[in-house]
């Protein structure tokens with residue numbers, strides 16, 4: 001790179017980070033779960049908006065991780081197929097200045113069927129990465145979930161803030177809550193530089209078909225009824241993956257050590273409304289919704305305040321829910337127009 005280009009590079013970097021607490025430019029970055037839905041979008045943003053010295057992606061590439069998600073950035077990253085539960089993982093990667101830890105098992109239904117993988121990956125895998133972060137002296141950005149707050153309806157809480165006590169109801173959210181507490185413990189005990197994010201439900205392209213939006217599209221396109229647990233009135237706060245990933249980036253950059261941030265659009269849909277949006281897109285009858293028994297450990301309502309992230313990180317969601325939903329349904333419909341995906345059991 002010539003001197004003029006190098007100068008311009010640093011000028012651009014500085015212009016975008018005038019109020020930054022941790023400059024991601026020229027840093028060695030590690031993203032776990034970087035082949036997944038949110039992780040791959042974060043990787044793309046890091047490379048498009050910042051100038052890392054290196055960016056290593058660690059992913060085990062189980063059923064939900066997909067190398068195809070990284071096709072556009074493959075030449076710009078160091079890709080390692082590794083398991084975060086492997087205590088020797090740190091010997092196989094370059095010491096990072098910052099770790100974005102997204103590797104996790106994430107599906108509530110799967111956690112109800114068998115909670116062990118969630119305890120292993122979500123809790124123990126986080127503990128492994130925390131120990132490496134302590135040895136390396138790395139900044140540690142952990143992506144938790146709003147599900148750690150539990151069902152706000154039964155708790156009679158209108159909106160959860162970062163100070164609301166955690167009350168998980170299912171094995172997935174319990175494992176994430178345990179990891180959340182472990183991150184806080186490493187900050188308090190070891191002085192580890194940590195930031196925690198608790199994002200609301202995210203949606204958008206490249207999500208595994210078991211998740212709500214792609215699952216409904218898959219069912220509609222395969223001629224099946226859209227199965228809805230319970231009465232479908234469960235209320236969720238949906239945030240587009242582009243906005244969620246940007247929140248993670250900004251938290252890694254601007255979040256104070258030990259801080260916790262909710263990330264949410266503060267726009268809502270019920271499960272019924274998502275189903276109807278999919279049916280209307282394909283011109284299908286509303287009678288194509290089939291109601292089934294509600295799952296155990298299900299939560300009726302999530303609602304979190306992102307006021308702290310907006311104030312301290314300067315984060316704002318850019319994708320309105322109506323436009324994002326329409327685009328997302330259209331994206332899956334186009335991708336699967338000729339062939340529907342195989343869905344892991």
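At a glance:
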| quantity | calculated |
| --- | --- |
| The range 183-211: number of residues that are buried (at least 17 other Cβ atoms within 10 Å of the Cβ) and touching a helix residue (DSSP H, G or I) at 6+ places or on another chain (Cβ under 6 Å) | 16 |
| Lone unmet requirement of (1) touching a strand residue (DSSP E or B) at 6+ places or on another chain (Cβ under 6 Å); (2) surrounded by fewer than 21 Cβ atoms within 10 Å (Cβ to Cβ) for residue 263 | (2) |
| Residues of the range 111-125 satisfying the condition of being under 16 Å from residue 147 (Cβ atoms) and without any contact (Cβ under 8 Å) to a residue 60 or more places away in the chain | 118, 119, 121, 122, 123 |
| Filtered residues of the range 145-156 (kept if in a loop (DSSP other than H, G, I, E, B) and either modelled with pLDDT of 95 or more or at positive phi (or both)) | 145, 150, 156 |
| Residues of the range 53-85 satisfying the condition of being surrounded by fewer than 21 Cβ atoms within 10 Å (Cβ to Cβ), in a loop (DSSP other than H, G, I, E, B) and in contact with a helix residue (DSSP H, G or I) (Cβ under 6 Å, 6 or more places away or on another chain) | 82, 85 |
| Residue 185, sole failed condition from (1) within 19 Å of the chain's Cα centre (by Cα); (2) part of a helix (DSSP H, G or I) | (1) |
| Leading residue by the ranking (modelled with the lowest pLDDT) among those in the range 324-345 that are surrounded by 11 or more Cβ atoms within 10 Å (Cβ to Cβ) and not in a helix (DSSP H, G or I) | 344 |
| Residue list for the range 144-158, restricted to those being surrounded by 17 or more Cβ atoms within 10 Å (Cβ to Cβ) and more than 18 Å from the chain's Cα centre (by Cα) | 151, 152, 157 |
| All positions within the range 107-137 that are assigned to a loop (DSSP other than H, G, I, E, B) and either more than 16 Å from residue 91 (Cα to Cα) or touching a strand residue (DSSP E or B) at 6+ places or on another chain (Cβ under 7 Å) (or both) | 107, 114, 115 |
| Subset of the range 303-321 that is touching a helix residue (DSSP H, G or I) at 6+ places or on another chain (Cβ under 9 Å) and surrounded by fewer than 18 Cβ atoms within 10 Å (Cβ to Cβ) - its residue that is farthest from residue 253 (Cα to Cα) | 318 |
| Residue in the range 214-221 that is touching a residue at least 24 places away in the same chain (Cβ under 8 Å) and under 17 Å from the mean Cα position of the chain (by Cα) present | yes |
| Count - residues of the range 283-302 that are modelled with pLDDT of 95 or more and either surrounded by 13 or more Cβ atoms within 10 Å (Cβ to Cβ) or assigned to a strand (DSSP E or B) (or both) | 6 |
| Residues of the range 322-345 satisfying the condition of being over 30 Å from residue 114 (Cβ atoms) and touching a strand residue (DSSP E or B) at 6+ places or on another chain (Cβ under 6 Å) | 324 |
| Some residue of the range 108-122 being within 26 Å of residue 26 (Cα to Cα) and either modelled with pLDDT under 95 or buried (at least 23 other Cβ atoms within 10 Å of the Cβ) (or both) | no |
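The values are calculated or read from the model by the stated rules, or taken from the named source; none is laboratory data. Here the structure is a predicted model, which means the values were calculated and not measured. Cβ: placed from backbone, ideal geometry, glycine included. Neighbour counts: every protein chain shown.
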